[in-house]
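What follows is a set of notes on a single structure, which appears directly below.
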Amino acid sequence: MDITKIVVTGGPCAGKSTAMSHIQEEFSQMGYAVLFVPETATELITGGVAPWTCGSNTDFQKCQLDLQLAKERVFEAAARTMPVEKALIVCDRGALDNKAYMDAGEFTKALEAIDANEVELRDGYDAVFHLVTAAKGAEEFYTTADNPARTETIAEAAALDDKLISAWTGHPHFRVIGNEGDFDTKMHHLVSEIASFLGEPEPFEIERKFLIAYPDLEWLAANPNCERIEIIQTYLVSPGADEVRVRQRGANGHYLYFKTTKRTVSAVKRVEVEQRLTQREYLQLLMQADTSKRQIRKDRYCLTYDGQYFEIDVYPFWNDRAIVEIELADENAEISFPAQLQVLADVTEDDDYKNASLARIDRVSKPLPE
């Protein structure tokens, strides 16, 4: 069976409770067994376990992480017993939400207490969808009346929303759902993004790619909404026109492994199927490496900006350029770039800037556009 685990997160008063009803209705009709992991912080606080009742905030966050991960294990085990073809586990907030409520020292202590690392906690979910708080752009609808665990003012809610976005930035499938349009539009946007990720009706990836001048790495590193990820990508021998690759992804000695198969549909649209691998499976698949291509090593800077999620790839063989990619729900969606990124050209349809071409041993860099 196919089990997918996603996170629906967001700032205070973002619409998560209503979103769960929409997800239940829409994806049950698509044949999924939809399971919901309740929000752990609310459960604990309403039960008397809170930052102000525990010995310290760190003590509370340790309890919350322990319970969150235990609940997820129970839901995954239960899903595997169900006589269904596909199950969707929806976590009302995930483990990395805790990071937004701690300083760096507290977060490090909490990770040590549960013997975990940030990469596996963040990337242990298949996708993350962030609903922006009503305190940013829909202030007239912001309220604390419907949740006894919510105490933030509008300013505090907006600041917390930023921290949550920062905490999840770096995940390979992270989407921010803003307050453009009315609330029904927001819910439709969320359901559409989840459906697109799940491949309903087919796993299309709509992606735009741009050549940029070599970015200011110090600015990226200092940006709280940017996370550097180390990637090693190896192409495998594959029959037909399918592109098959394996990837090691992570940072600071902590990595996860993936196999991806892509088939081109149009210049900007591809069918993509991704599979999580164990380290052993990854090492075994490396034996099928395409020897006509070198491994691609790159630093990927995941940047959340203006509700968009950019992936900036910096390669060791270039010191004058880099590539930025963005996945879209709509081929014609407008893109708003940060002023710090100097866009040189749209290379979405330029085969020379595809990773498979950059991996070719006989590759020669094209001159920069004038």
Helix 57-80: angle to the longest alpha-carbon principal axis of the chain, degrees 0 to 90, nearest 10?
70
Would you calculate a helix-derived [θ] at 222 nm for the chain, using -39,500 (n - 2.57) for each DSSP H run of n ≥ 4 and dividing by the full residue count, to the nearest 500?
-9000 deg cm²/dmol
What figure in square angstrom, to the nearest 10, would you give for the accessible area of CYS226 with a 1.4 Å probe?
10
Exposure rank, largest accessible area first [ILE326, ILE45; 1.4 Å]
ILE45, ILE326
Just to be sure I understand: with springs between alpha-carbon atoms less than 10 Å apart, which residue in PRO83, PRO38, PRO215 has the highest mean-square fluctuation in the Gaussian network model of the chain?
PRO83
Give the cross-link partners of LYS71 among the lysines, using a straight C-alpha distance below 29 Å as the criterion and excluding same-chain residues fewer than 8 apart.
LYS5, LYS16, LYS62, LYS86, LYS99, LYS109, LYS163, LYS186, LYS259
Determine the dipole magnitude for the stretch 1-73: charges of +1 sit on the beta-carbon of Lys and Arg, -1 on that of Asp and Glu, nothing else is charged, the reference point is the Cα centre, and the result goes in debye to the nearest 20.
120
At 1.4 Å probe size, put HIS173, HIS188 in order of accessible surface, largest to smallest.
HIS188, HIS173
Would you work out if the stretch 272-311 is rounded, prolate or oblate? Take a ≥ b ≥ c from the square roots of the eigenvalues of the alpha-carbon gyration tensor; rounded if a/c is under 1.5, else prolate when a/b is larger than b/c, oblate otherwise.
prolate
Phi-derived 3J(HN,Hα) across the stretch 243-250 with the Karplus relation (6.51, -1.76, 1.60, θ = phi - 60°), rounded Hz, x for Gly and Pro, is 9, 10, 9, 10, 9, 9, 9, x
To the nearest 20 debye, the chain has a Cα-centred charge dipole, built from +1 on Lys and Arg Cβ and -1 on Asp and Glu Cβ, of 1300
Counting only protein heavy atoms and a 1.4 Å probe, tell me what percentage of the chain's accessible area is made up of carbon and sulfur.
50
Assign unit charges at the C-beta atoms only (+1 for Lys and Arg, -1 for Asp and Glu), then state the dipole size of the stretch 272-369 relative to its Cα centre in Debye, rounded to the nearest 20.
780
Charges on Cβ only, +1 for Lys and Arg, -1 for Asp and Glu, centred on the Cα centroid of the stretch 36-183; of ALA100, ILE89, VAL49, which one is farthest towards the dipole's positive end?
ILE89
Between (i) 50; (ii) 54; (iii) 47, which entry matches percent of Cα pairs over 27 Å apart as derived from the coordinates of this structure?
(i)
If one computes the Cα centroid of the stretch 85-140 and of the stretch 1-51, what distance in Å separates the two points?
13
Accessible-area value, VAL84, 1.4 Å probe, nucleic acids and ligands omitted, Å²
50
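The values are calculated or read from the model by the stated rules, or taken from the named source; none is laboratory data. None of the values given here were measured: they were computed from a predicted structure. With ideal geometry, Cβ positions are generated from the backbone for all residues, glycine too; neighbour counts draw on all protein chains shown. Surface accessibility is based on the protein's heavy atoms, side chains included, excluding ligands, DNA and RNA. Shrake-Rupley method; radii C 1.70, N 1.55, O 1.52, S 1.80 Å.
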